[in-house]
Amino acid sequence: MKRRSFNGLVAAGLAAPALIGLSQSARAADGAKPTTIRIGFPGAGTGGRPLPTTGFTANTVFLGELEKEFKADNIKIEWKYYVGAGPALNEAFANGLLDFCFGHGDLPLIVGRSTGLKHKILLSSGRGGDVYLLTPAAAAASQVADLKGKTLSVQKGTAGQLTLYRFLAKYGFNDPEKEFRIISQISDDRRASLATGDIAGAIDTPWGLEARGITKRLAEVHDDLNINSPGTVWVGETFEKQYPDIVQRVVTRLVKVAHWSSQDANRETQYQWWTRSGNNAYIDNKKEWDRVKDLRVRHTPLLDDYYKAQIQKAIAETRKFRLTRRDVEFDTWLEPKYLNNALRELKLENYFPIQDASGKFVRS
């Protein structure tokens with residue numbers, strides 16, 4: 001099978017490989033159930049450690065929920081973690097190596113779709129979050145404007161790229177690639193560059209880095225609806241058509257974990273689990289998440305009007321910044337029936353808060 005690469009920043013408008021999903025078809029020929037369910041995360045722990053970072057999708061791994069669900073069926077759960085983040089995950093799916101993605105960010109999700117990758121959006125993997133622009137501790141900069149013309153770092157092709165652009169726009173910079181020198185680095189390299197002063201700034205979580213005297217905060221925003229965008233859980237179209245019952249069971253377990261994750265009694269357990277990847281220290285998890293009074297808002301699986309509006313906004317932004325060359329049809333992309341069934345089965349139809357397109361809560 002010819003391999004296709006999605007690591008470039010700008011999608012070239014390539015058609016999806018004709019052979020996407022053939023491996024799923026071969027596995028389906030022997031029976032009604034797959035022997036393995038292959039699930040990808042757009043990221044990995046420090047040094048490529050095969051562990052997830054935060055959110056209820058990560059908690060699904062730590063709780064072993066899918067392994068429990070499919071144990072009697074002798075279906076193996078295969079977790080895949082990509083240091084190359086969203087672009088690398090797109091490449092893996094294009095080459096028939098994945099069935100699900102747990103937590104794709106908006107930019108790589110849209111780039112993949114625009115190039116012809118066939119997947120269905122099942123639910124959100126969460127929303128919200130704090131954004132911090134960090135600079136080396138010894139730097140003279142005291143405001144965002146002081147960084148104009150200097151080098152900033154982000155892993156290009158990931159959701160972090162659009163987050164950085166939106167963050168800079170908040171401070172009056174609407175053409176970031178011309179107003180700054182923006183380079184692409186993975187998280188480990190970006191933090192090393194902050195430590196050595198080789199870059200002037202980057203978005204990252206601050207407390208662990210500050211405690212070691214590496215960085216200082218230059219600016220920060222909290223749960224800004226115009227900067228953050230929801231994550232997404234999707235399934236490959238071929239897998240969904242062949243195994244709708246399996247898809248339903250996966251989604252139901254995810255919603256069950258989202259409910260567990262949203263309960264205050266489980267805060268500390270999550271904070272501890274999320275340190276295992278090495279990406280964030282316990283203090284980073286605690287300081288950010290303790291500020292969230294209602295965990296249901298962050299750990300929501302809903303495809304409400306806010307989710308839809310944010311993804312549609314991101315689609316427009318990818319065209320504005322010339323990150324895609326083709327339009328993305330949004331309405332036919334969503335498949336909410338599995339989520340709706342899970343909410344009904346678990347009696348959670350009225351549990352998670354609902355936000356309208358502007359982010360206003362219409363049900364809290």
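The values are calculated or read from the model by the stated rules, or taken from the named source; none is laboratory data. It should be emphasised that the depicted structure is a prediction, and the values quoted were computed from it without experimental measurement. A quick note on method: Cβ atoms are made from the backbone with ideal geometry, for glycine too, and the neighbour counts reach across all protein chains shown.
Only residues that are among the acidic types (Asp, Glu) and not in a loop (DSSP other than H, G, I, E, B) were counted across the stretch 289-331, and they come to 4. Each residue in the stretch 321-351 was checked for being over 27 Å from ARG166 (Cα atoms) and of a type outside the set (S, T, N, Q), and 14 pass. Only residues that are small (Gly, Ala, Ser) and either over 21 Å from GLY157 (Cα atoms) or free of Cβ contacts under 8 Å to residues at least 24 places away in the same chain (or both) were counted across the stretch 56-95, and they come to 3.
Considering LEU89, LEU97, LEU107, which residue is over 22 Å from ILE246 (Cβ atoms) and either under 20 Å from the mean Cα position of the chain (by Cα) or in a helix (DSSP H, G or I) (or both)? None of the other options fit; the residue is LEU107.
Take ASN59 and tell me if it is at pLDDT 95 or above and either in contact with an Asp or Glu (Cβ under 9 Å, 6 or more places away or on another chain) or in a helix (DSSP H, G or I) (or both). Criteria met by ASN59. Scanning the stretch 28-48 for residues that are farther than 22 Å from THR232 by Cβ, part of a loop (DSSP other than H, G, I, E, B) and touching a strand residue (DSSP E or B) at 6+ places or on another chain (Cβ under 8 Å) yields a single hit, THR35. Residues that are among the hydrophobic types (A, V, I, L, M, F, W, C) and crowded, with 21+ Cβ neighbours inside 10 Å within the stretch 118-148 comprise ILE121, LEU122, LEU123, VAL131, LEU133, LEU134, LEU147, listed in sequence order. The listed residues are LEU109, LEU98, and the only one of them that is in contact (Cβ under 8 Å) with a residue 40 or more places away in the chain, crowded, with 23+ Cβ neighbours inside 10 Å and closer than 11 Å to THR232 by Cβ turns out to be LEU109.
Here the stretch 310-363 is the region considered, the condition is being small (Gly, Ala, Ser) and surrounded by 18 or more Cβ atoms within 10 Å (Cβ to Cβ), and the residue that is farthest from HIS104 (Cα to Cα) is ALA342. State yes or no: is THR269 over 25 Å from PHE167 (Cα atoms), out of contact with any helix residue (DSSP H, G or I) (no Cβ under 9 Å at 6 or more places or on another chain) and not acidic (Asp, Glu)? In short, no. Restricting LYS293, LYS287 to residues that are surrounded by fewer than 18 Cβ atoms within 10 Å (Cβ to Cβ) and free of Cβ contacts under 8 Å to residues at least 12 places away in the same chain narrows the list to LYS293. Number of residues in the stretch 60-86 that are crowded, with 20+ Cβ neighbours inside 10 Å, within 14 Å of the chain's Cα centre (by Cα) and over 21 Å from GLU240 (Cβ atoms): the value is 4. Scan the stretch 311-358 for residues that are of a type outside the set (S, T, N, Q) and under 19 Å from the mean Cα position of the chain (by Cα) and the total you get is 14.
Filtering the stretch 110-135 to residues that are in a helix (DSSP H, G or I) and in contact with a strand residue (DSSP E or B) (Cβ under 7 Å, 6 or more places away or on another chain) leaves nothing.
Criterion applied to LYS156, LYS150, LYS170, LYS178 was being charged (D, E, K, R) and closer than 19 Å to ILE110 by Cβ, and the one residue passing it is LYS156.
For (1) within 24 Å of TYR351 (Cα to Cα); (2) in a helix (DSSP H, G or I); (3) outside the structural domain of TYR165 (by TED's automatic domain parsing), each residue gets a yes or a no:
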site	(1), (2), (3)
GLY213	no, no, no
LYS216	no, no, no
VAL235	no, no, yes
THR238	no, yes, yes
LYS241	no, yes, yes
VAL247	yes, yes, yes
VAL250	yes, yes, yes
VAL255	yes, yes, yes
HIS259	yes, yes, yes
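Residues of the stretch 192-209 include none that is under 20 Å from TYR282 (Cβ atoms), surrounded by fewer than 17 Cβ atoms within 10 Å (Cβ to Cβ) and of a type in the set (D, E, K, R).
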